[in-house]
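Following: one structure in structure tokens, then a few remarks.
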Amino acid sequence: MSVPRPLLVIACLALVPLLVAWQKFSASTPPGSTVSVQRGDIESSVSALGTLQPRRYVDVGAQASGQIRTLHVEVGDEVREGQLLVEIDPAPQQARVDAGRYSIETLQAELAEQRAQHALAEQQYRRQQRLAASGATREEDVQAAHAQLRSAQARIDRYQAQIRQARATLRSDEAELGYTRIYAPMTGTVVALNAREGQTLNAQQQTPLILRIAKLSPMTVWAQVSEADIGRVRPGMPAYFSTLSGEGRRWEATVRQILPIPPKPLEQMSQGGGSPLGTTGGGRVVLYTVLLDVDNDDHALMAEMTAQVFFVADRARDVLTVPLAALQPAGQGRHVARVVAANGEVATREVRTGLSDRMAVQVLSGLREGERLLIGAPDAADG
């Protein structure tokens, strides 16, 4: 199964700092050579790669169908909330609004006619009631006049309902007419433009996206952390990162959130051994997304930039350190070192260690500053 290209690039780039450091260290310390116990700073961290995205953005779409008549912005323009962005040809919507208004006027005229008919029917009914009181009319004529009055009232009610319905339709048509002028929902920068003047939009099936507005500060780093390291990362943890275009600049940040569901896992490459990011039992690399926010007032950070991220688990300043290659595991978390005396004799000594940055380790006890340690296999050293 092939690996998706973007994830493969991230996996390869994550190895670069470790490989470079290891090559330098290996070149300067061949087997059988010695290194000294020195003081320095050490940092226990988790490294990952990520991409930068604006934290706040909005996709601006069209709720009205029609041809784009005018685009008032370009990519990179700064816009303010309420600023006119796009104008869509309003002719179809305006026609529906005009037709709705004419329909209401017609219904109102018919309603006025029915009210006049109702007034006449009411007069006839009252006349029949007076005649019936003096015995000058039949009961059937009174009932017929009453029925005419009720029928006139029903027609009035029907026309009033039709007018209310027509007004509701008119409000909808007027709203759609308003949608032909699209305004900025927030202040920010136009970072994407997906339409052009003259393009026809169809908002019947789904909302067409026209442009994206984003605030370029703060930015969010979407870092991908392997399953093997995600347990060491927690919200609120300090972190820092650099970019390829940052010229050595380091941005400080804090972990805001760890997304609980990983994206689609990266399948392990079957050629040349294991994956650089660690694999699960099923042969897959599982990456979890960690979000970090950083201020970007000078706009030095841009969307889609690649960031090399370091999550700082712990730091130690001015402590004794030795390369990891100078220690040998002795079981149960213990380590031993072969100390070279001034006369050349080699003695094995147990060492208690602390923080590690995968290349060097903090010495808590067992060694003194300046002592020389032998690097290499025991057989090679003894021989």
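The values are calculated or read from the model by the stated rules, or taken from the named source; none is laboratory data. Keep in mind the model is a prediction, meaning the values are calculated, not measured. Glycine gets a Cβ as well: all are built from the backbone with ideal geometry, and neighbour counts include every protein chain shown.
Structure data summary
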{"read-out": "Residue 332 in a strand (DSSP E or B), of a type outside the set (Lys, Arg) and over 18 Å from the mean Cα position of the chain (by Cα)", "value": "no"}
{"read-out": "Exclusive hit being over 28 Å from residue 197 (Cα atoms) and in contact (Cβ under 8 Å) with a residue 24 or more places away in the chain, set 80, 101, 56", "value": "101"}
{"read-out": "Qualifying position, being over 30 Å from residue 89 (Cα atoms), surrounded by fewer than 17 Cβ atoms within 10 Å (Cβ to Cβ) and at pLDDT 95 or above, among 130, 171, 150, 181", "value": "150"}
{"read-out": "Single unsatisfied condition, residue 163 versus (1) under 55 Å from the mean Cα position of the chain (by Cα); (2) surrounded by fewer than 17 Cβ atoms within 10 Å (Cβ to Cβ)", "value": "(2)"}
{"read-out": "Single residue of the range 133-160 satisfying the filter (among the charged types (D, E, K, R) and under 60 Å from the mean Cα position of the chain (by Cα)) that is nearest to residue 101 (Cα to Cα)", "value": "158"}
{"read-out": "Pick from the range 284-320, criterion buried (at least 22 other Cβ atoms within 10 Å of the Cβ) and more than 14 Å from residue 251 (Cα to Cα), ranking: modelled with the lowest pLDDT", "value": "285"}
